[in-house]
1. Taking the Cα centre of the chain as the origin and placing charges on Cβ (Lys, Arg +1; Asp, Glu -1), which of Ala51, Ile104, Ile165 is farthest toward the positive end of the dipole?
2. Quick one: net charge of Val351's neighbours, Cβ under 13 Å, K/R +1, D/E -1?
3. Let me know the Rg and Dmax you get for region 169-228 when you use only its Cα atoms, in Å.
4. Along region 35-51, what does the Karplus equation 6.51 cos²θ - 1.76 cosθ + 1.60 (θ = phi - 60°) give for ³J(HN,Hα), rounded to whole Hz, x for Gly and Pro?
5. How much accessible area per residue does region 115-198 have, counting only protein heavy atoms and a probe of 1.4 Å, in square angstrom?
6. Accessible area per residue for region 1-103 in Å², computed with a 1.4 Å probe and the full protein assembly in place, what is it?
7. State the percentage of accessible surface on region 56-152 attributable to carbon and sulfur atoms; use a 1.4 Å probe and exclude ligands, DNA and RNA.
8. If packing is taken as the average number of other Cβ atoms within 10 Å across a peptide's residues, how do 225-232, 71-78 rank, most packed first?
Amino acid sequence: MKNISVLGSTGSIGTQTLEIVRDNDDLKVVALAAGKNADLMEKQAREFLPAIVAMYDENAAKDLKERLKDTNIKVLSGMDGVICAACAKDAEIVVTACVGMIGIRPTIEAIKCKKDIALANKETLVTAGHIVMKLAKDNHVNIYPVDSEHSAIFQSLKSEPHNRINKILLTASGGPFRGKTLEEMKDMHVEDALKHPNWSMGRKITIDSATMVNKGLEVMEAGWLFDVSLDKIQVVIQPQSIIHSMVEYVDGGIIAQLGVPDMKLPIEYALFYPDRRPMNTPKVDFFKLGCISFFEPDLVNFRALKIAYEVGKRGGSLPTVFNAANELAVAKFLDRKIGFTKITDIIEYCVNNSKNIENPTVEQILETEVQTYEMIESMKI
C-alpha cells in the first residue's frame, strides 16, 4: 500500500490522480488540499476518506467543516492547512498539483518531512528551483515530474550517464493559434484560446499553451530538474502531441517517449516509479496516425517563449516576475479585461522594469510576486 497526499485535488491533475487511485487498490489517499471548491472536495473526502482535508480559502474551509461534521475527517484552512496536508504523517509521496505560487511552501515543507514529490506545479521550480533542488538533494528526496514533457525526458534519460546528453528536445503542440500572426491573434477571444487541439487541461494552462508561455515555463523547469543549461534545451513544435519529448546524446542517438496525449500516463508513472501499471486508455495507432510532423517555434509572433529563455538564463527573481506577470495577465484575459496579445506585452513590460534579485529567499520570491501584481495594476492597459 502506498499512501499519497494530493495538493490541488479539485483541479485537472488532481482529479485525474484520483481516477488513478480508483483503479489501483494499493494506493491510499491520506490527505487532500484544494483552493475553494468545497462542493467537489466534499465528494472527494467522502469517497476517499483521508485523515486530513485542507481548503486554502478560509470561507470554503468553514463551509466544508460544516458539511463533513458527521465524519472523523479533520478540516484545516489556509496555507498552514495546505502545509499540514503536504506533511501528513503517513504520506509517502505528495502530488503537488496546486495552481500558482501557492505550491511553493507546501512543497518545500513536504521535502523537509522527507516526502517524495510528484511535481505538477511548474511555479515551484521556475521561481524557487535553486532552493528546492538543493533541499531535495540534502533530504534524499525524489522529485518525479508529472508534466508530460518532463516525464518523457525523465523516461528517456533512464540509466543513461548525465554527461552524455547533447541536448533535450522539448516538444510542444503549438497550441490553438499555431501559424497565426500577432495581427490575427489580436481579435482572438477567450473561447478561441481555450480550444486546445489535443490536450484537456485547466483554463489557465490552456491559455499558457496558446501564448507559448507554458513552454517557456517548462524550459526553465527542465533546466532545474535535469541540471542542464538552457542552451541545451531546444523547443520543437510537434502538432500531433504523440512525441512528448526527446533526449539527444553526444553520439547523435535520440531517445524519445511517445504516447497518446493523456495526463494520466505521466501521473501514474510518477506514483509507481519504477513500475509500470496497465492503463485502460487508448494506445497510439501508427497506421491511423500516418505521420508525425515537426516545426521550428515562431519566436516573433510567440515572443513569450523568447522572453522565457532570456529570463531563465538571467535567473534570480526575474523568473518570478515572468510567472507572476503571466498569472495576473491571464486572469485579466479570462475576465475579458484585456486582449489576448496583451498577455505577452504585460510580461515583457514587467520583466524590463523589475530589479533582479540574485538567489532570492522564499520571502523575497513571494514579495516579488506581490510587487509584480502591483506594477500591473498601476499600468495603463
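1. Positive-most Cα among the choices belongs to Ala51.
2. Numbers: positive: Arg303, Lys306, Lys313, Arg314, Lys355; negative: Glu310, Asp345, Glu348.
Computed value for this residue: +2.
3. Reported Rg and Dmax, both Å: 12.7, 40.
4. x, 8, 7, 5, 4, 5, 4, 4, 4, 5, 4, 5, 6, 9, 6, x, 6
5. 41 Å²
6. Details: 4620 Å² over 103 residues.
Ligands and nucleic acids excluded, the figure is 45 Å² per residue.
7. Numbers: 1900 of 3990 Å².
C and S fraction of accessible area: 47 percent.
8. Values: 225-232: 15.0, 71-78: 16.8.
Put in order of decreasing packing, that is 71-78, 225-232.
The values are calculated or read from the model by the stated rules, or taken from the named source; none is laboratory data. This is a predicted model, so every value here is computed, not measured. Glycine also receives a Cβ, built like all others from the backbone with ideal geometry; neighbour counts cover every protein chain displayed. These accessible areas exclude ligands, DNA and RNA; they are computed on the full protein's heavy atoms, side chains included. Shrake-Rupley method; radii C 1.70, N 1.55, O 1.52, S 1.80 Å.
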